[in-house]
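Taking it in order: structure first as structure tokens, then the write-up.
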Amino acid sequence: MSEQQLELQPVAVPAAAPPRARYTAALTPRRILHAIGPGNLSLIGALAVIVAIFGSLNDGYLDPANLAGIGDAVTVFGLLAVVQTVVIICGALDISVGSQAGVASVISAMAFTAASGNALLGILAAVGVGLVLGVVNGLIIVYGRVNPVIATLATLAAYKGLAQLISGGKAQGFVLDNDLFIFLARGKIIGLPVPVIILAVVALAVHVLLKYTDIGRNIYAIGGNDTAARLSGININKYLIAVFVLAGLVAAIAGVILTARTGSGQPVSGSEGLELKAITAAALGGCALKGGKGTVGGTLLAVVLLGALDNGLNVVGVNTFWQNVAQGSLLVAAVVIQQRRSGERAVGLPT
């Protein structure tokens, strides 16, 4: 065939699918399942089972006031779980977030008292301290070349001791006579508690950061393969420090909400065990503990699941110590499921 014949050869252009056909294809069960995610679908199923069980055991469980109480109760550890998601995706772990929240809680109340009832100054002081604590974590890990788990395990104890030292081991200040703190603790916007709104805003911001920005894509890349990320020109040290600073910032916000809710700065009692809840929620939500995988949506579903479980155990009168047993069991189950899905060899077993 000559070149002239080739030039005159008609090219078939596929007709564009009608708008209705494209819309219908977007709503196929497979596409819906892919959008939700198999892991999230299992969390939704587990949540439905928990609600059905406790709702049948106690009529008050499904009361709107109790459901609103669940949402309000999960906000503090929900904030920590959301930022823990970022840390884990980056291939690290921050065990000190609960202690950071405790330090921020004490600082917010003490600064509020020292400033003659200036709530804004108290909040800003707490945020500043949270940023500093996050920087300290990042510098220890990056320039001290310490494993993030070991580093933040050490700062967990250090920050807890710091909160006790500056507070004398007891609650500080009284903030429930201040309108701003009262609003943070009990106020509502469009019918939703303010702490829930704060959690939603932070979660949305983190979701956008991870999914729609180059920063988020780089965080996933670092957690997935740090060697490849370094060779592609990503400054891993800078990102690690920034991620831990973000963790300190969000932990400080959680500490301020804790202060507003309890009416005083809590060095330990209000923040004890928050790190375990945050890690459990992130792992249940689909975060791979080796990094590179996870979503904010999955973590939030896990947060609601844990809140519904804790509240249900309280409503039916189960000993509160069983809540820790349940959380530990859920964390083990989440890690086992991840190992099975990844196909990695179990420790100590032959290949």
ask   = Carbon and sulfur together cover what percent of the accessible area of the range 216-298 at a 1.4 Å probe radius?
value = 58 percent
Stretchable slack from residue 337 to residue 44, in nm (0.36 nm times residue separation minus alpha-carbon distance) = 103.8 nm
query = Using a Förster distance of 22 Å, how high is the FRET efficiency between residue 135 and residue 166, based on the Cβ-Cβ distance and rounded to 0.05?
reply = 0.75
key: Residue-normalised accessible area of the range 33-114, given per residue in Å² at a 1.4 Å probe   = 35 Å²
query = So what is the relative contact order of the range 67-303, in percent, for Cα pairs below 8 Å that sit 6 or more residues apart?
reply = 42 percent
remark   = Hull surface over four for the Cα convex hull of the range 79-208, reported in nm², is 8.8 nm²
key: the range 98-189: chymotrypsin sites (Phe, Trp or Tyr not before Pro) falling in loop per DSSP and having at most 16 other Cβ within 10 Å   = 174
Computed label-point distance, nm, for sites residue 209 and residue 62 using a 7 Å Cα→Cβ extension = 3.9 nm
ask   = If you rank 243, 49 by how much accessible surface each has, with a 1.4 Å probe, what is the order from largest down?
value = 49, 243
query = Debye sum, Cα scatterers, the range 67-303, no solvent: what log₁₀ I/I(0) at q = 0.09, 0.12, 0.14 1/Å?
reply = -0.35, -0.61, -0.82
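The values are calculated or read from the model by the stated rules, or taken from the named source; none is laboratory data. Note that the structure is a prediction, hence the values are computed from the model and not measured. With ideal geometry, Cβ positions are generated from the backbone for all residues, glycine too; neighbour counts draw on all protein chains shown. These accessible areas exclude ligands, DNA and RNA; they are computed on the full protein's heavy atoms, side chains included. Shrake-Rupley method; radii C 1.70, N 1.55, O 1.52, S 1.80 Å.
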